[in-house]
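The values are calculated or read from the model by the stated rules, or taken from the named source; none is laboratory data. Predicted model only: the values in this text are computed from it and were never measured. Backbone-built Cβ (ideal geometry, glycine too); neighbour counts: all protein chains shown. With ligands, DNA and RNA removed, areas are computed over all heavy atoms of the protein, side chains included. Shrake-Rupley method; radii C 1.70, N 1.55, O 1.52, S 1.80 Å.
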Amino acid sequence: MKADRERITRSIKIARGQLDGILRMIEEDRYCVDISNQLMATQALLKRVNKEILQAHIRGCVREGLHTDEPNPKLEEALQLLEKLIP
């Protein structure tokens, strides 16, 4: 994996903690809107991490696959598309 492994791992552990908290909220029959807000926060974190991993993949693995270190307009175009797909 070409992405920052420590930052990704830390973020995933945070998301796991958030999910544990959401499960507790459900078990405690907490207010639905509060649960929903926590779910959205966890989803946002996971989307951000996914975007970082995919960008690192394109910049690293895909570029290596093309056997060049030169900037590739097609790769940058794909990264711009990724920005639109995963805000």
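For residues in the range 32-82 being at pLDDT 85 or above and among the acidic types (D, E), which is least open to solvent (accessible area, probe 1.4 Å)?
Taking the candidates together, the pick is E52.
Condition test on D4, is it open to solvent by 80 Å² or more (accessible area, probe 1.4 Å) and of a type in the set (D, E)?
So D4 does not fit the description; no.
Output the number of residues of the range 40-83 satisfying the condition of being part of a helix (DSSP H, G or I) and over 22 Å from S11 (Cβ atoms).
Filtering the range 40-83 down to residues part of a helix (DSSP H, G or I) leaves 40-65, 73-83.
Those left that are additionally over 22 Å from S11 (Cβ atoms): 62-65, 73-78, 80-81.
Number of matching residues: 12.
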